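One structure coming up, written as structure tokens, with questions to follow.
Just so it is clear, none of the values below were taken in a lab; they were calculated from the coordinates. Keep in mind the model is a prediction, meaning the values are calculated, not measured. Positions of Cβ are backbone-derived with ideal geometry, glycine not excepted, and every protein chain shown enters the neighbour counts.
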Amino acid sequence: MTKKYQFPECLKNQCHLSNLTDGLSGRPEHISSVIGNAGIKCDKESYKTAIYEAVVRSKGIDVYTGKKMRWDLISKYDNDQSKAKGREYKKEFGDLPTLDHVDDGSGSPQFNICSWRVNDAKNDLTLDEFLAVCREVLEFNK
């Protein structure tokens with residue numbers, strides 16, 4: 001990592017430096033694609049900085065559940081294995097840290113870090129909308 005992005009102390013012994021570096025820098029064409037497709041109005045460096053800040057702010061835990069995530073799973077997902085094994089394979093990655101977009105894309109990017117499982121459930125909902133759905137599920141299943 002460059003001096004700008006120091007390895008977060010909260011992730012020490014949880015993932016490899018090279019995996020986190022790859023995740024932060026990403027492939028330039030991928031970042032451009034994500035920024036363009038999501039309608040995000042920022043440059044690549046601002047996007048990467050926002051990701052880094054979200055990782056540090058997370059202190060290594062899912063921002064929505066407070067549970068530890070599996071940082072060791074970064075860069076381990078295999079599309080071929082996923083196609084072959086289906087849902088069971090994806091379940092193994094439920095605690096993989098993911099990037100949750102919490103802004104509308106019109107300004108500086110804002111992200112949270114949460115598990116893949118939670119990010120799938122939250123999808124594009126705001127926190128208040130997500131919590132309302134969670135309450136409905138809990139109420140219905142009493």
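Taking the Cα centre of the range 51-117 as the origin and placing charges on Cβ (Lys, Arg +1; Asp, Glu -1), which of Tyr64, Phe93, Ser75 is farthest toward the positive end of the dipole?
The one lying farthest along the dipole's positive direction is Phe93.
Sort Lys90, Lys76 so the one with the fewest other Cβ atoms within 10 Å of its own Cβ comes first.
In increasing order of surrounding Cβ atoms, one gets Lys76, Lys90.
Of Lys68/Lys90; Lys44/Lys90; Lys48/Lys83; Lys12/Lys76; Lys12/Lys59; Lys4/Lys59, which sit over 22 Å apart, Cα to Cα?
Table pairs above 22 Å Cα-Cα are Lys44/Lys90; Lys48/Lys83.
Using r as the Cβ-Cβ distance of Lys90 and Phe7, and R0 as 35 Å, what FRET efficiency do you calculate, to the nearest 0.05?
0.80
Under 20 Å from a point placed 7 Å out from the Cα of Arg135 along the Cα-to-Cβ direction: which residues of the range 40-79 have their backbone N that close?
Answer for the range 40-79: 64-66.
Moving on. Please give the length that would be gained between Asp104 and Asp128 if that part of the chain were fully extended, namely 0.36 nm times their separation in residues minus their C-alpha to C-alpha distance (nm, one decimal).
7.2 nm
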